[in-house]
Structures are given as structure tokens and as C-alpha cells.
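The values are calculated or read from the model by the stated rules, or taken from the named source; none is laboratory data. Note that this is a predicted model, so its numbers are computed, not measured. Because the Cβ atoms are built from the backbone with ideal geometry, glycine has one as well, and the counts that use them run over all protein chains shown.
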Amino acid sequence: MRVLFISDVYFPRVNGVSTSIRTFRGDLAAHGVETVLVAPAYGAGSPPDTEAGVWRVAAGLVPGDPEDRRMRRASLRDTLGQLATGHFDLVHVHTPFLAHYGGVRFASRAHIPVVATYHTLFEEYLHHYVPLLPRFIGGALARRFTRSQCAQLGAIVAPSEPMRALLQSYGVTTRIEVIPTGLPADRYVPGDGRRFRERFGVATDRQLLLYVGRVAHEKNIDFLVHSFVALRSSCPRALLAIAGEGPAREHLRALVMRLGISQDVLFIGYLDRERTLADCYAAADVFVFASRTETQGLVLLEALAQGRPVVSTSHLGTASILQPGCGARVAPDRPDAFARAVLDVLDDPARAARLSSQARSYAQGWSSALMARRLANFYGELLDRDTAADVLAASG
């Protein structure tokens, strides 16, 4: 089976979509699925591609967003035209911008099925990035946009059950299959927390709270900062580390300066996923998370795989991960209550050890090999259905 992936984002742009695509591509091959990926080029300063089967499309800057790129329509059209001479069984779209329309058009001309993974909750993103637009209007536009795009697809992949339910509440009637992104085998290899602390000058007697992810407004990191302020009265030696980059970084720097905690908040930036990131997780006493917009929440799984106790709020996709016995404490959406949940872990070594053991065990059930097998089987079902439809049409 040969599948064309199309996305408006991919590495070196680090986010959950990029991670999901790379993870599935790596494991689908073992199930007889060859993938070719079409994604934006990120400019002369970007590292060269080391993955086979990646076609880069010339792209321009996105105003106000130095990280993302917008594929040029003509270049995308030319690239897909070159690929049209090859054989593909199915198109899998991963983002709803030019990639969506290019993928739908390609599949229509090739008479093959097209599916898409709904990675992003755009209703919340509009609220943060177009603040002058009234929230109820932005939400209505996002839902209408989603319904329109989903109606053009043969099927949809949702990363979590709550995401499927939300799409159905929008009025989406296209078939939706829940297939989360799993963790590659290397994510289970224990990191070296001591090495990380030495590299970044974090004393061994400091309680380290860790957030990993895009540093963006919709990730609700402000809430974590205010919860950290509430915690410091009981844990004056605590340190909050924020690993990642994004448009909210300068806002957060200004916030911690205004709150007088700049010496106790460490902005780390992006980390090498092959080595340093695992060390970062391993160094943490507690992994903290409060995003309300996750369609899944891969960083929660990464933290659990490293045996880190997690304290998190539970919204949308994260609710599918934060199950009883997973090694996490689900905390309320109030800074003082969230801080108390963190303190309950920091002040009780036996509880922390129990959560750590649960976390490692629970994360084993989220392997990427298992999820790739599910996706390959789903592709097979769609192709069988499509073949059956062709036979019926011919006989009619």
C-alpha cells in the first residue's frame, strides 16, 4: 500500500502534528505501508532532510509567526503534479489549510480515498489569535469551516474519543475513527536527570516542575505560572522549567518578571528529542500541564513513559489519557487547588514513587507500533470499501 501524506507543517517546526506524522511514518512501514510526505520548505538555514520520501514545497513566511511557513500554491500544485505520475492508494491530509484542498483535489483526480487527521481545535485557536473577533462568532465560523472540510473527506481520524465527540457535536457526519499517536520505542528509554540538572545548573535539592510543549497562548501556561506562585509559599526552593518555543514566550517572560519570580522560572527552548528531552523529563519531580485545546496531549504520554508523576487539568484530548491508575493527579482549574495537588506529590515521596511506577506501566499501552497497526488496518478497510463501491457502480 502506498499513501500520500500532505501537511502544512513538519520538522524542523516542532509541534504535535510534526511528531505525529514522523511517528506514524516510522511505524507504518513495518505494516506494509509506504508513505510519501509533502510539506513546506523552511528556508536555507534549516537542517537537511534525513528522511526518505519527503518532498519539500517552496513556502513563504507567515506574518507575525516566525516559526510557520505557508506553502506557495503554484509550487504545491507543481509538486502534486509530479507525484501524480506515481501510484498511490490513498491520500492522508494532516492540516486544514492548503494541504487539505491540495489533498482533496489530488485524491479526486486519482480516484482514490482521502482521509484527514483532525489534530487541532481551531475554535480555541481563533479566540487566542484573533482576539478582536467575538468568541461566539469565531466559534461559529470554526465549526462551519470544520463541517465543510469534513464533508469533503472519505473518513476522519481523531486522536482521542473526546475529539470525535466534539466533531460529532459540530454536525460532522463523516465516519470518524479514533486512533491516537503512540510513543516510539526510544521514548521509553530512561533519561539521565542528573545530567540535565548539571547542564542547566539546577541544584539537586530544588524541586523541579516541568512543562514541555509549544509556548503558545492556547496552552494556558499563564495558569501554570500563577499556580507556581501559589506553590512557592510552601516550596520556596521550587523551580518551574518551560521547555519549548512559541509566540507566547515574551509575554511569559514579562509575566514572570512582573510577578517577581524570574529567578525561579527557567526558559529552556527547544531540546534535542533524541537525547536531551528524555533527560529533561527524567530531571523533573512533577510534570505539569493545563492546556484546554489538546486533541490528544502527547507530552503527557512522554512524561509518563519516563516515570514522571503528572499533575494536570483534564480537558478534551487530555481526558482520554488521564485515566485512573495512569500515574497522574487531575487537578481543578484554580491556581491554589492546582498548587495543592503538586504539593501533595512533592511532600509525599511514597506517593510520588507509586505514581512513577503507575506512569511507566500505563505508558506501555500507548506504543506507536500498536497505533500504526490500527491505522494500517483502517486504511485497508477504506480501500476495501472503495473497491466494493466501484464494483457496485460498475454493475449498476
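Checking every residue in the range 82-94 against the condition of being touching a His at 6+ places or on another chain (Cβ under 6 Å) and either surrounded by 21 or more Cβ atoms within 10 Å (Cβ to Cβ) or free of Cβ contacts under 8 Å to residues at least 12 places away in the same chain (or both) gives at least one match. Taken over the range 40-64, the criterion of being within 21 Å of Ala216 (Cβ to Cβ) and of a type in the set (Val, Ile, Thr) is satisfied by Val62 alone.
Checked against the criterion of being within 28 Å of Asp205 (Cα to Cα), in a helix (DSSP H, G or I) and modelled with pLDDT of 95 or more, the candidates Leu375, Leu343, Leu382 yield just one match: Leu343.
Residues satisfying the criterion are present in the range 5-18 (criterion: among the small types (Gly, Ala, Ser), assigned to a loop (DSSP other than H, G, I, E, B), in contact (Cβ under 8 Å) with a residue 24 or more places away in the chain and within 25 Å of Thr181 (Cβ to Cβ)). Comparison of Val311, Val288, Val299 shows that the only residue that is assigned to a helix (DSSP H, G or I), touching a strand residue (DSSP E or B) at 6+ places or on another chain (Cβ under 8 Å) and at pLDDT 95 or above is Val299. Just a yes or no: is a residue in the range 30-41 modelled with pLDDT of 95 or more, crowded, with 17+ Cβ neighbours inside 10 Å and not in a strand (DSSP E or B)? Yes. Scanning the range 337-350 turns up no residue that is surrounded by fewer than 23 Cβ atoms within 10 Å (Cβ to Cβ) and aromatic (Phe, Trp, Tyr).
Checked against (1) out of contact with any Lys or Arg (no Cβ under 7 Å at 6 or more places or on another chain); (2) surrounded by 20 or more Cβ atoms within 10 Å (Cβ to Cβ); (3) under 22 Å from Leu277 (Cα atoms), Gln358 passes all but condition (2).
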